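Enquirer: Take a look at this one; I'll ask things after.
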Amino acid sequence: MKWSPDKSFESASEALDFIQDQFCFRHREWLWLPSESGLLLPRDGPPFIFRGECGGFETTVASKSRLETFRSLSEGDIRAWDRLFRTLCERFMLEDYGLNEAQAKALLQHYGLPTELIDFTWRGGHAMVFAAGGDAQSGRICVMPIGQNANPPLLADFSGHPWAHRAQMQDALGVIMPLGYEDLKSPKTRAHFGLTWIEFRISGPDCDFLREKFEGLTSLANDPSAGFLRHHIMECVEANGKLSPALTEWLLDRIPMTPRCYEVQRFEPPDVIVHNVPPAEFGAYDMQLEKDWTRRYLSSAYPDSSWSRMERFTWPRVHGTIVPDPRTFHGLSQSQ
């Protein structure tokens with residue numbers, strides 16, 4: 001059976017008016033929502049969550065379940081990826097981050113790695129931005145009721161996530177669909193969870209306006225957490241050995257290539273206390289150059305070690321100095 005939306009509109013503005021009128025403005029209540037930790041989480045607001053998609057995908061499943069996600073990897077690479085994923089989760093669950101397992105997975109998901117979570121947001125307007133933020137001529141929004149649903153899916157709320165600044169701006173959350181209901185576009189899932197799918201055309205003026213909003217919501221330069229993932233993947237490779245060239249390229253296509261930057265707060269010998277800051281506070285960086293060096297550090301095709309960047313590194317002794325981790329910043333290209 002060919003997929004079809006519940007509502008269709010000729011413009012993004014018409015679709016947004018409908019969403020705000022039907023789902024955002026008319027309803028507000030106190031919600032008790034199930035989380036992956038098993039706790040019921042209180043939240044005051046509209047009893048709906050929203051997902052925006054740019055383009056006409058036939059299915060909507062978690063990134064971990066998509067056939068194309070791991071297509072370029074061998075069985076050995078997939079096993080190596082599973083080990084790396086578990087190691088990264090464990091790293092973010094240590095005391096300095098203090099995340100639980102659900103939060104750790106949410107952070108990995110938000111910065112490009114596949115998990116069993118499907119991205120949603122609490123705000124219909126944000127969903128519209130994501131639905132129109134690409135190059136497609138049409139966008140889609142899925143509206144999921146959660147306030148009166150007797151058995152809503154499990155939720156991992158990113159919006160209060162302690163280490164995901166960008167997710168807080170997006171009011172983002174992840175949904176874990178139960179077995180048998182993994183595809184948000186299947187008739188069975190749509191009927192069981194009362195989903196409403198809205199489709200609309202993306203005109204030139206709508207695209208220009210929403211693209212600017214999209215760039216603001218997805219900015220990496222203004223995100224102090226953007227460099228975490230690349231940094232810790234390098235640490236994993238330093239400790240456990242290099243990855244195959246294929247797995248390296250797979251990671252490079254997904255994770256942010258931004259420096260991890262710190263502001264020196266004070267010294268408590270032998271330790272230095274730092275505060276994470278956005279890359280924009282440090283200055284310019286070359287994403288392609290960072291990608292090239294990260295490839296050399298991660299891939300078994302190269303002898304380079306990221307740890308060599310730390311051999312002569314010392315923390316500046318001036319409070320307030322902003323400094324990038326040397327493994328994640330290599331200067332500017334010759335063309336800049």
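The values are calculated or read from the model by the stated rules, or taken from the named source; none is laboratory data. All of these numbers come straight from a predicted model, not from anything done at the bench. In this analysis, Cβ positions are derived from the backbone assuming ideal geometry, glycine residues included, and neighbour counts consider all displayed protein chains.
Enquirer: Can you tell me which residues in segment 78-121 are β-branched (V, I, T) and either outside any helix (DSSP H, G or I) or touching a strand residue (DSSP E or B) at 6+ places or on another chain (Cβ under 8 Å) (or both)?
Expert: Of the residues in segment 78-121, the ones β-branched (V, I, T) are 78, 87, 115, 118, 121.
The answer is T115, I118, T121.
Enquirer: A further question on this structure: Can you pull out the residues in segment 69-85 that are modelled with pLDDT of 95 or more and loosely packed, with under 11 Cβ neighbours inside 10 Å?
Expert: Scanning segment 69-85 gives E75, D82.
Enquirer: Pick from segment 234-263 the residues that are polar (S, T, N, Q) and part of a loop (DSSP other than H, G, I, E, B): which of them is nearest to H165 (Cα to Cα)?
Expert: T258
Enquirer: (1) among the charged types (D, E, K, R); (2) in a strand (DSSP E or B); (3) at pLDDT 95 or above: which one isn't true of R266, the others all being true?
Expert: (3)
Enquirer: Considering each of D304, D253, D271 in turn, give the residue that is within 21 Å of the chain's Cα centre (by Cα) and not small (G, A, S). Walk me through it before giving the result.
Expert: Details: D304 fails: within 21 Å of the chain's Cα centre (by Cα); D271 fails: within 21 Å of the chain's Cα centre (by Cα).
Answer to the check: D253.
Enquirer: Taking only segment 2-44 into account, find how many residues are part of a strand (DSSP E or B) and either modelled with pLDDT of 90 or more or within 19 Å of G194 (Cβ to Cβ) (or both). Before you say what the answer is, go through the steps one by one.
Expert: Looking only at segment 2-44, we keep the residues that are part of a strand (DSSP E or B), and these are 7-9, 29-35, 40-44.
With the extra rule that they be either modelled with pLDDT of 90 or more or within 19 Å of G194 (Cβ to Cβ) (or both), the set shrinks to 7-9, 29, 31-34, 43.
Number of matching residues: 9.
Enquirer: Quick test for you: out of T314, T294, pick the one residue that is crowded, with 17+ Cβ neighbours inside 10 Å and polar (S, T, N, Q). Please lay out each step first, then the result.
Expert: Values: T314 fails: crowded, with 17+ Cβ neighbours inside 10 Å.
One residue alone meets the criteria, T294.
Enquirer: Among the residues of segment 195-215, is there at least one that is buried (at least 20 other Cβ atoms within 10 Å of the Cβ), in contact with a His (Cβ under 7 Å, 6 or more places away or on another chain), modelled with pLDDT of 90 or more and not hydroxyl-bearing (S, T, Y)?
Expert: No, segment 195-215 has no match at all.
Enquirer: Looking at segment 283-305, which of its residues are modelled with pLDDT under 95 and under 13 Å from P326 (Cα atoms)?
Expert: Y285, the sole residue that qualifies.
Enquirer: Also, I was wondering about something else. Does segment 105-128 contain at least one residue that is within 26 Å of I19 (Cβ to Cβ), surrounded by fewer than 24 Cβ atoms within 10 Å (Cβ to Cβ) and aromatic (F, W, Y)?
Expert: Yes, that holds for at least one residue.
Enquirer: For segment 291-324, which residues satisfy the criterion of being free of Cβ contacts under 8 Å to residues at least 60 places away in the same chain and in a helix (DSSP H, G or I)?
Expert: K291, D292, W293, R295, R296, S308, R309, M310
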